[in-house]
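Rule-based calculations on the coordinates, nothing more; no lab input. Remember, it's a predicted structure, so these values are computed and weren't measured experimentally. Note that each Cβ is placed from the backbone with ideal geometry, even for glycine, and that neighbours are counted across all protein chains shown.
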């Protein structure tokens, strides 16, 4: 494993911790609003929610990184991703354009069938 792999794993874990902290912050904020705590404890509740959500995010990242086997698995995943042959930007643009064209064509076909079936059913029902 490269030293850079461990750095990328730490960056990913920090991003994971921030995502979990954001979800925890939203949940704690919604819960405090629903329980009416925002009016009762307006002096210290926002700070407690921020500290609590950061603690939840940090502890979840620490838990995820605590197991040595899991840590090695993540490092092996990063090493495998380095071996992937990624398409060039030009190839990616071409493939994206092909997908968009196919989606438009199938959308048009489905629209024609939908309109035709709607008219046919109106004739049968009327």
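Things to note:
- Once the Cα atoms are used to define both axes, helix 68-82 deviates from the longest principal axis of the chain by about 40 degrees.
- Cα-based helix-to-principal-axis angle, 89-125 vs the chain, degrees rounded to 10: 50 degrees
- Length gained on full extension, residue 115 to residue 4: 34.3 nm, using 0.36 nm per residue less the C-alpha separation.
- Between residue 11 and residue 41, the C-beta separation translates, for a Förster distance of 25 Å, into a calculated FRET efficiency of about 0.10.
- Per-residue ellipticity at 222 nm, computed for the chain from helices alone with -39500 (n - 2.57) per DSSP H run of at least four residues, works out to -30500 deg cm²/dmol.
- Approximate shape of the chain as ellipsoid semi-axes (Cα gyration tensor, √5λ), whole Å, largest first: 45, 33, 12
- Inter-label distance, residue 94 to residue 108: 2.3 nm, where each label sits 7 Å from its Cα along the C-beta direction.
- Linear extension gain, residue 67 paired with residue 86, 0.36 nm per residue minus alpha-carbon span: 3.8 nm
- Pairs of C-alpha atoms in region 86-126 farther apart than 11 Å represent 69 percent of all such pairs.
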